1. GLU196: net charge of surrounding residues, Cβ under 10 Å, Lys/Arg +1, Asp/Glu -1, itself excluded?
2. Expressed in nm to one decimal, what extension gain is obtained for the pair LYS12 and LYS31 from 0.36 nm per residue of sequence separation less their Cα-Cα distance?
3. Output ³J(HN,Hα) for the stretch 201-215: one whole-Hz value per residue in order, computed from phi by the Karplus curve 6.51 cos²θ - 1.76 cosθ + 1.60 with θ = phi - 60°, and x for Gly and Pro.
4. Search the structure for amide H atoms under 5 Å from the amide H of PHE226, placed 1.01 Å from N in the peptide plane, and list their residues when 5 or more places away or on another chain.
5. What nm distance separates the two modelled labels at TYR206 and GLN52, each placed 7 Å from Cα along Cα→Cβ?
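What follows draws every value from the coordinates through simple rules; no lab data is involved. Since this is a predicted model, take the numbers as computed values, not measurements. Quick reminder, even Gly has a Cβ in these numbers, built from the backbone with ideal geometry, and neighbours come from all protein chains shown.
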Amino acid sequence: MRTILVDKVLLKAVKDQVDDLFDTRRISPDKGLEDLIGTDGYKQKKRKEYVQTIIDKYPDIIAASPNGIIDLIKEFEEILPVEKISKKFWEPIVKALKYKELRNKEYLEKLNLLDVKTCFYCNAQLAVVIDKANIDAEGEYIDDDEKKATFELDHIYPKSKYPFLATSFFNLIPCCSICNKAKSNSNTFISDVFVEDQAMDVYKFYLDPSTESNYWISQKSDDIDFDFRHTGGDDSKLEEYNKYFQIQSIYSTQKDIIEELLQVKKFFDESHKAGILEDFQKLGLDDEHFERVLIGTYTEPEKIYLRPLSKFRQDIARDLNLIG
């Protein structure tokens, strides 16, 4: 719903973390990939070259910036086009890259660099899932202190099409399991995730201008109307986003949130707000803390992925002039 800015600070932090993988933990896919070369399915010259290029460039691949990923895709496409990559070809590569091991042991901590805890696509749910290893064959929970919740991750560029990017940091984004399954191996929304210039809202919620008066006349949630739109007015992209993730349908079940915000606006008139804000300031808290309490979540656009439903609350609260 909002792009994530990849600045120099984040790029350096990711590179430092990746260097740690190789220097202190000595995680390298070289042997696994080298074992593939010469086996059935990898004897052909271009396929060998594809795997060898992963080996040669792996440290750069895993830490590649979003723009760097685009350059790598062009390079690998010249070796072996996407349409020639079969399941028998890509699955052993992903296994050799140790995606599953990295996901469970390394990326849980490293993805905290992104400040993303909710589903990137719907923002309606946490992107945290229970490790299936915690459940035994009978469906009983295994009490094991070593097991913990982990992120559900989506490959922005699907690993079935771009297996060399299976463990690339900026090819992974936390999401909920429902959106992950819905998106599947589509790479339709790649330009809406990471950017290296300026973060922006791609989609927004808008409160219908007549809703406020209509609601206070009837005091029924049925009279609450809002729209979900593409900020650039691209209706085809909006239609596709809704087709995959059903955003309008999901949030239509959350009109009680808008009711709460309408009630907050009525209760906290400007004079009332001024008095409470003065009390907040006495506690060493500022306007930002007050507005956060007022709408029940973070108010900064870049923090929407820290808590479910934050995008919805922020957009509607701004339409009601509850926050700036």
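1. -1
2. Separation in residues times 0.36 nm, less the Cα-Cα distance, equals 4.1 nm.
3. 6, 9, 10, 9, 9, 10, 7, 4, x, 8, 4, 4, 5, 4, 5
4. Long-range HN contacts for PHE226: ASP208.
5. Label-label distance for TYR206 and GLN52, simple model: 5.6 nm.
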